[in-house]
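Below is one structure, written out as structure tokens, with a few remarks after it.
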Amino acid sequence: MSFATFPDRKVAPNAAAGTMKKPPWSEDSDADYSGRRPHVSQGGTVLVPSTPRNARRPTPPGGTIAVALLTLACCGGVALAAERMSAAHATIKAADAGRHVGVLADDAFEGREGGSRGGRAAAAYIVEQLTKLGLEPAGDGGSYFQPFGGMRNILAILRGSDPHLAEELVVVGAHYDHVGYGNADNSYGPFGYVHNGADDNASGVAGLLEVAEAIQHLPERPRRSILFAFWDGEEKGLLGSYHFLRVKPAALAHLRVAFALNLDMIGHLRGERLEVYGTRTAPGLREAVLQANNRPGNAAGLELTFVWDIEDDSDHYPFIAAKIPTVMFHTGLHDHYHRPSDDVHLVNLEGIEPVARLTLGFVTAIADDPAALPTFRPESRTESNATRNRLEGSIPDTDGSPRGRWGLGTRHDPGEPSSPVVVRVWRNSPAARAGLSPGDRILTVDEMRITGQDDMLARLRSAGPQSRVDIERRGRIMRLEMQETVE
Ligand SMILES: [Zn+2]
């Protein structure tokens, strides 16, 4: 994630310690990495912290929530889908992700600055993995590389199985560069030390490699083509993703980018909370993320925070600026962001697994959807978290207005018309007793997916004395039963 957005965070002392070793796959095979030490920039201080190496993943509060089977419109045959996915899901492993993060965030890569030897060595490692997976190169001249300005994007493609839809490209990306030794323009300090970038963004690269491997284990190729893109130059201003959108390699020239997903900093999952950006760039995206997060048998089961702000702080932005529906997954900022202390032992490796599973389920659903994908929603550019808070803001039930049959007040959301937001729950009402609360989104009434607020109201009006509603609460779907009481 690029630096520009967060200028005022305080500097914390830290340093990367330990002996440097030479990466076997480095192109600069004659370059000697051994015995190098972090050079101390002018006036810099050397501090060696003793951080515990076995940082454990916190236990989520309050146990698991029963997940109701949701009859979502967009993909049929839930059971078949689950079965098809299980073999692929099973290949996603925290240990494998950990290996990738461990290698890419090693001191020997010197913080993988775009265009540097450490950056090139990291590229060699990624290409080695793609070659092992047998994915088709999609860069220039039949290679995986798309060079630009001394840097290189790494591109691999899985061609779609449908003759027409294969011309549509679903781009799944993660930047592999970081800030090298750090300086006043891109680091919170101390400068002059290897900024290992374990979370930013070795974690995203690891997640993407795990997803690429898993997709190779699907029984059939999805209908649309999927491009696995490892961007360079993100820390220098999103250079790789902008370049790709300006100049597509010849191998991809005839393909249209229909959707993009960005993985940036997915290594600090805390309490299973994941931030999801961009779902308002096209109708139905939130629902597709929900589907992947709650799919029976392959649920990622994460707690999702949908962020409406769109900032130019990572590679999702150039796609959104190009009016392409785009989503980003991110586990949030932390005190090691853009510091030498963004190290492997602080990464929640097990947390990368559910994020990669969510990515697999989501991307496969989009790439395999037989229907036309939704087009870009320009209103998303004028919306923000402030808009969200206004729309989702609850109404206190003190004004004495009549409560209606169920005691439930909702608001229409133009960005998600088929998921009205609960903004009011009357005390002691059937809705309150069933456990509904403001912020919930109504998805179904009596197992029927609602098409909008009016449809919901009509179904609730004609429902019997009991009505089951499936709701979404922070990305998780649950079924609640309202029981009407005879006054
Ligand atoms: Zn960054």
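The values are calculated or read from the model by the stated rules, or taken from the named source; none is laboratory data. Since the model is a prediction, treat every value here as computed from it, not as a measurement. Here Cβ is always computed from backbone atoms with ideal geometry, including for glycine, and neighbour counts include all displayed protein chains. Heavy atoms of the whole protein, side chains included, go into the accessibility calculation; ligands, DNA and RNA do not. Shrake-Rupley method; radii C 1.70, N 1.55, O 1.52, S 1.80 Å.
What to note about this one:
- Residue list for region 237-273, filter: β-branched (Val, Ile, Thr) and either under 18 Å from Arg152 (Cα atoms) or not assigned by TED's automatic domain parsing to the domain that holds Asp343 (or both): Val247
- Cβ pairs under 6 Å, 6+ apart, first in region 216-235 and farther than 16 Å from Glu168 by Cβ, second open to solvent by 10 Å² or more (accessible area, probe 1.4 Å) and among the basic types (Lys, Arg): Pro219/Arg84; Asp232/Arg152
- Residue count, region 103-137 (criterion: out of contact with any Leu (no Cβ under 9 Å at 6 or more places or on another chain) and touching a residue at least 24 places away in the same chain (Cβ under 8 Å)): 22
- Residue within region 148-156 that is in the same structural domain as Thr364 (by TED's automatic domain parsing), within 16 Å of the ligand (Cβ to nearest atom) and either touching a Phe, Trp or Tyr at 6+ places or on another chain (Cβ under 7 Å) or open to solvent by 10 Å² or more (accessible area, probe 1.4 Å) (or both) present: yes
- Among residues of region 236-253, those that are without any contact (Cβ under 8 Å) to a residue 12 or more places away in the chain and more than 26 Å from Asp312 (Cα to Cα), counted: 0
- Contact annotation: residue pairs with Cβ atoms under 7 Å, 6 or more positions apart or on different chains, pairing a residue in region 257-273 that is of a type in the set (A, V, I, L, M) with a partner that is modelled with pLDDT under 95 and open to solvent by less than 10 Å² (accessible area, probe 1.4 Å), are Met265/Met1.
- Residue in region 216-232 that is assigned to a helix (DSSP H, G or I), open to solvent by less than 60 Å² (accessible area, probe 1.4 Å) and either away from the ligand (no atom under 16 Å from the Cβ) or modelled with pLDDT of 95 or more (or both) present: no
- Within region 189-215, considering residues that are open to solvent by 10 Å² or more (accessible area, probe 1.4 Å) and either part of a loop (DSSP other than H, G, I, E, B) or within 15 Å of the ligand (Cβ to nearest atom) (or both), the one farthest from Asn348 (Cα to Cα): Phe191
- Criterion: modelled with pLDDT of 95 or more, of a type outside the set (D, E, K, R) and within 27 Å of Ala386 (Cβ to Cβ) - qualifying residue of Leu261, Leu252: Leu261
- Within region 166-188, if we keep just the residues that are among the small types (Gly, Ala, Ser) and open to solvent by less than 10 Å² (accessible area, probe 1.4 Å), the residue that is nearest to the ligand (Cβ to nearest atom) turns out to be Ser187.
Rundown of residues vs (1) over 20 Å from the mean Cα position of the chain (by Cα); (2) free of Cβ contacts under 8 Å to residues at least 12 places away in the same chain; (3) farther than 23 Å from Ser225 by Cβ; (4) away from the ligand (no atom under 16 Å from the Cβ), yes/no style:
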{"residue": "Pro340", "(1), (2), (3), (4)": "yes, no, yes, no"}
{"residue": "Arg357", "(1), (2), (3), (4)": "no, no, no, yes"}
{"residue": "Phe376", "(1), (2), (3), (4)": "no, no, no, yes"}
{"residue": "Ala386", "(1), (2), (3), (4)": "yes, yes, yes, yes"}
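- Filter result (of a type outside the set (A, V, I, L, M, F, W, C) and within 33 Å of the chain's Cα centre (by Cα)) within region 427-438: Gly435, Ser437, Pro438
- Boolean, Gly134 is among the small types (Gly, Ala, Ser), within 21 Å of Ile92 (Cα to Cα) and either more than 14 Å from the ligand (Cβ to nearest atom) or modelled with pLDDT under 95 (or both): yes
- One residue from Ala288, Ala321, Ala292, Ala282 being without any contact (Cβ under 8 Å) to a residue 40 or more places away in the chain and aliphatic (A, V, I, L, M): Ala321
- Checked against the criterion of being closer than 21 Å to Gly415 by Cα and part of a loop (DSSP other than H, G, I, E, B), region 285-303 contains not a single residue that satisfies it.
- Residue match in region 310-327 (condition: over 14 Å from the mean Cα position of the chain (by Cα), basic (Lys, Arg), surrounded by 24 or more Cβ atoms within 10 Å (Cβ to Cβ) and not assigned by TED's automatic domain parsing to the domain that holds Gly415): no
- Unmet requirement for Trp406, which otherwise passes all of (1) loosely packed, with under 15 Cβ neighbours inside 10 Å; (2) hydrophobic (A, V, I, L, M, F, W, C); (3) in contact with a Pro (Cβ under 7 Å, 6 or more places away or on another chain): (1)
- Just one of the listed residues (Gly361, Gly407) is over 27 Å from the mean Cα position of the chain (by Cα) and among the small types (Gly, Ala, Ser), and it is Gly407.
Residue-wise test of (1) more than 33 Å from the chain's Cα centre (by Cα); (2) more than 21 Å from Glu303 (Cβ to Cβ); (3) modelled with pLDDT under 95; (4) crowded, with 17+ Cβ neighbours inside 10 Å.
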position	(1), (2), (3), (4)
Pro417	no, yes, yes, no
Val421	no, no, no, yes
Asp440	no, no, no, yes
Met448	no, yes, no, no
Thr451	no, yes, no, no
Leu460	yes, yes, no, yes
Ala463	yes, yes, no, yes
